[in-house]
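This report concerns only the one structure given below.
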Amino acid sequence: MKNQAGLSDLEWQIMQALWEKGVLSVKEVLQKLFPKGEKAYTTVQTYMDRMVGKKLLNKQKIGLVNFYHPQVDKKTLLKQAMENLVSRAFNGSFFGLAAFLVDSPNLSKEELDKIKDLIRRKEQEV
């Protein structure tokens, strides 16, 4: 499968909207993501049609309207994005990514406690 994790910000936004709603037209995506008209209809349509070509979305025409739905589930795309990031930024080391995240000054005590719980649960699985 082609690496689909290198999505643009707009492609991620479109995917998020479709994962949340399931099926949307270009007009519905435009209204959901850009209610104040920050993007043109044709821009969003072009992106969505390209995403069909990338096998991220499926398109079905009903009457005069094209409806799109995700061809790739969120977990799969997030996994690909993380593997891509770890490969490029951390030389393939998930430990390197984890160390970087744990060292973040933005990590709250509550988040750190949740991470510890995740680690404990994972240790019990192994």
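Taken together, the values in this text are just the output of simple stated rules run on the coordinates, not laboratory data. It should be emphasised that the depicted structure is a prediction, and the values quoted were computed from it without experimental measurement. Methodologically, a virtual Cβ is constructed for each residue, glycine included, from the backbone with ideal geometry; neighbour enumeration extends over all protein chains shown.
Taking K and R as +1 and D and E as -1, what net charge do the other residues with C-beta under 9 Å from the C-beta of residue 11 add up to? Walk me through the numbers before you get to the answer.
Details: positive: 50, 54; negative: 9.
It works out to a net charge of +1.
Report the label-to-label distance for residue 28 and residue 115 in nanometres (one decimal), using points 7 Å from each Cα along the Cα→Cβ vector.
For the pair residue 28/residue 115, the computed spacing is 3.8 nm.
Show me the ranking of peptides 73-86, 93-106, 17-30 by mean Cβ neighbours inside 10 Å, starting with the highest.
Packing order, densest peptide first, comes out as 17-30, 73-86, 93-106.
What residues qualify as long-range amide H neighbours of residue 67, i.e. H under 5 Å apart, gap of 5 or more or another chain, H built at 1.01 Å from N?
60, 61, 62
Just for the Cα atoms in segment 8-126, what are the lengths along the principal axes, largest first, rounded to whole Å?
Projected onto the principal axes, the Cα atoms of segment 8-126 cover 53, 30, 26 Å.
When the dipole is taken about the Cα centre of the chain, and only Lys, Arg (+1) and Asp, Glu (-1) are charged at their Cβ, what size is it in debye, to the nearest 20? Let's see the in-between values first.
Values: 21 positive and 15 negative charges, 99 e Å.
About 480 debye.
Taking R0 as 22 Å, what FRET efficiency do you get between residue 39 and residue 66 from their Cβ-Cβ distance, rounded to the nearest 0.05?
Working: r = 17 Å, r/R0 = 0.78.
E between residue 39 and residue 66, to the nearest 0.05, is 0.80.
Need the list of aspartates and glutamates near residue 122 for cross-linking: C-alpha distance under 20 angstrom, and skip anything on the same chain fewer than eight residues off.
83, 110, 111, 113
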